[in-house]
Amino acid sequence: MPALGRLSAVLLMAACGAPPRAPEPWTSLLPQPQSVTPGRGTFVLGSDATIGAPPGLEGIGEQLAAALRASTGYALPVRPPPQAITLELDPSVSGDEGYQLTVGSNGVRIQAAQPAGLFYGTQTLLQLLPAELEGSARQRGPFAISQGTLRDAPRFPWRGLMIDVARHFFTPGELRRYVDAMARYKLNRLHLHLTDDQGWRLEITSRPTLTQVGAATEVGGGPGGFYTQGDYAALVQYAAERFVTVVPEVDLPGHTGAALSSLPELNCSGVAPPLYTGTMVGLSSLCPGPASDQFIADVIREVAAITPGPFLHVGGDEAKMTAPADYLAFEATARAAVADAGKQLVGWEELARADAGAGEVVQHWADPSLAAAATGNGARVILSPAQRVYLDMQYAQDTPKGVGTFWAGFVPVSLSYDWDPAAWLMGVPESAVLGVEAPAWTETIADTSALDEMVFPRLLGVAELGWSPASARDLKDYLRRLGAHGPRLRAQGLGFYASPQVRWAQ
Ligand code: TNX
């Protein structure tokens, strides 16, 4: 250590009792920010640190404090600004989600035009602090943060994770863990696949048998489960506090086995079939007619009423048992119900067959021509190409046995990251791309330890695809940064697949 450095270390020791540990580098942020200008020196976060938040946005400061209190043991009170860490609304910062972060010798300043930007600034700040602070075990401070400035804003407005809670049920508490992780990596859409052949997971008060019967089991015959409307509303609220919008999906007119088992009148035979606990797809269809139309209208009205977010996903995929003309009629019914509820229609790419267009969103998963037809017609597209971001695809031939599938190929960490959403679909310009979403289908994923392994670390790559400018993306550098995030994932209690493509920090 040069003499001056040693002297300042001694002075610091005298001032604070112990030297702060070496600060985290600004070069391991994930997702990669728009631009970073490292400075010199550090700001030292000590036990007297305070957080300043604008009136009405104390909650964002409180969440930052809550993330750090257990591990630091600091009080971190939230007060009117300015404080050591100051959150500040500034209309000159660009974007609904953009922010600017400055670490100077006296403190940290996060500026944003909107609350979401302030929140994302706090998430970046957490990554500038030691990984262990994300856990609950007490760490010895003070903690140095390198000085510098950073400007950041997302490339795409839709950065999503889908969880299939129909094939296997996951509790609200389990989902909250994924919401927490999403927020850390600046993901903002949690798409819940709430209904399918194997389960109906949301209470619909006008049709109580949907959950009394249709939620009773799951793939493999386990106990299943469902969310009461109250459970769902609380989850939506929890997610919203973390700037994650819940996108509910009610899959129609195929993938409706659980509904058909619950309501005889939805079947052309008038007889409800037994519940299905296998993993085949394309087995079911609502019967065309007034009973199904009324069912669709009632369900969409109820789901919309407890969904403050603007989107309502009506599925529409793999309706192999529905005649093409009936499919069009069902989509017209769903479209009218979504419009009546004042929501924006989202559906799988098959919705292109029903002329999806302006104001609507299609989710691409398999057939590039369908998404291109819809965007040619004015729709926008969410990219979920199975061979890149289906989280139920196995990583490699030799990875977790019995969990995941490979119909779209093996999807190692590198492949999942190494593509450009703007160039993925021929004839679909970047302006028509709303963003990216990684679906976790759960036919083979029965619990959170299996789900963690399939979701992490690939979801972090999806986060970067959705957030970072194309020019800031680089596979080799991404794999390096991902390795640096191993301890951070561990501290957060998240399991992950220790891909051999990555050198994981211990
Ligand atoms: C296709 S993707 C499906 C799902 C399955 C998934 C399994 C899509 C819209 N439909 O029903 O769960 O493959 O990977």
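Below, the figures for the structure above:
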quantity	calculated
Helices (runs of 4 or more DSSP H) completely within the range 401-506 that count 3 or more residues being within 15 Å of PHE156 (Cα to Cα)	458-467
Close pairs from the range 436-463: first under 17 Å from PRO412 (Cβ atoms), partner modelled with pLDDT under 95, Cβ under 6 Å, at least 6 apart	GLU453/PRO400
Top-ranked residue of the range 418-452 - restricted to ones that are within 16 Å of the ligand (Cβ to nearest atom), small (Gly, Ala, Ser) and in contact with a strand residue (DSSP E or B) (Cβ under 6 Å, 6 or more places away or on another chain), ranked as farthest from PHE170 (Cα to Cα)	ALA438
Among residues of the range 47-67, those that are touching a Pro at 6+ places or on another chain (Cβ under 6 Å) and surrounded by fewer than 16 Cβ atoms within 10 Å (Cβ to Cβ), counted	0
Matching entry among ALA366, ALA329 (being among the hydrophobic types (A, V, I, L, M, F, W, C), modelled with pLDDT of 95 or more, within 16 Å of the ligand (Cβ to nearest atom) and over 13 Å from GLY315 (Cα atoms))	ALA366
Hits in the range 176-194 - residues which are assigned to a loop (DSSP other than H, G, I, E, B) and out of contact with any Leu (no Cβ under 7 Å at 6 or more places or on another chain)	LYS186, ASN188
Number of the exception - VAL455 against (1) surrounded by fewer than 23 Cβ atoms within 10 Å (Cβ to Cβ); (2) within 16 Å of the ligand (Cβ to nearest atom); (3) β-branched (Val, Ile, Thr)	(1)
Residue under evaluation LYS320, criteria (1) over 18 Å from ASP293 (Cα atoms); (2) surrounded by 14 or more Cβ atoms within 10 Å (Cβ to Cβ), criterion not met	(2)
One residue from LEU283, LEU235 being of a type outside the set (Phe, Trp, Tyr) and modelled with pLDDT under 95	LEU283
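Okay, residues lined up against (1) touching a Leu at 6+ places or on another chain (Cβ under 7 Å); (2) modelled with pLDDT of 95 or more; (3) surrounded by fewer than 21 Cβ atoms within 10 Å (Cβ to Cβ):
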site: ARG69; (1), (2), (3): yes, yes, yes
site: GLY73; (1), (2), (3): no, yes, yes
site: GLU88; (1), (2), (3): no, yes, yes
site: LEU118; (1), (2), (3): yes, yes, no
site: GLN147; (1), (2), (3): no, yes, yes
site: ASP152; (1), (2), (3): no, yes, no
site: LEU161; (1), (2), (3): yes, yes, no
site: GLU174; (1), (2), (3): no, yes, yes
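The values are calculated or read from the model by the stated rules, or taken from the named source; none is laboratory data. Given the structure is predicted, the values throughout are model-derived calculations rather than measurements. Note that each Cβ is placed from the backbone with ideal geometry, even for glycine, and that neighbours are counted across all protein chains shown.
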